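Down below is the structure, laid out as structure tokens.
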Amino acid sequence: MIRLVRPENDVEDILNIYAPIIQNSHWSFETEVLSTLDLQNRVEQILDTHPYLVMEFEGRVLGYAYATRLRNRVAYYPSVETSIYMHPDVHGKGLGRKLYSKIFSI
């Protein structure tokens, strides 16, 4: 199921997907793993203006995608940047494509 994120419930699962990416790659441009509170604040901030979705199966978050403002200048307001992260267990199964398609349909 693809649904809107529930920050108070989903942040731990999101962090479990995101932390290894921060630690083992350069994809995210983060240098330090965020605290649960910092990530929850970030998710809530994004939700104020843009969609933040999770893909859930049997109570487990398998991936997430969100859109954020590209830049803060007014001329850029119609433009967004999107991100998607999937749990390694589901790579190559087409689930990321479904999640990404949903974020673009909103």
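Every read-out reported here was derived from the displayed coordinates using simple, explicitly stated rules and does not represent laboratory data. Keep in mind that what you see is a predicted model, and the values were worked out from it rather than measured. Methodologically, a virtual Cβ is constructed for each residue, glycine included, from the backbone with ideal geometry; neighbour enumeration extends over all protein chains shown.
A few comments on the model shown:
- Filtering the range 39-90 to residues that are in contact with a Ser or Thr (Cβ under 7 Å, 6 or more places away or on another chain) and aliphatic (A, V, I, L, M) leaves 46, 65, 67, 70, 80.
- Condition check for residue 71: of a type in the set (Lys, Arg), part of a helix (DSSP H, G or I) and surrounded by fewer than 18 Cβ atoms within 10 Å (Cβ to Cβ): no
- Note on the range 74-106: residues that are closer than 19 Å to residue 52 by Cβ and either touching a residue at least 24 places away in the same chain (Cβ under 8 Å) or not in a loop (DSSP other than H, G, I, E, B) (or both) amount to 21.
- Subset of the range 1-48 [among the polar types (S, T, N, Q) and crowded, with 17+ Cβ neighbours inside 10 Å]: 40
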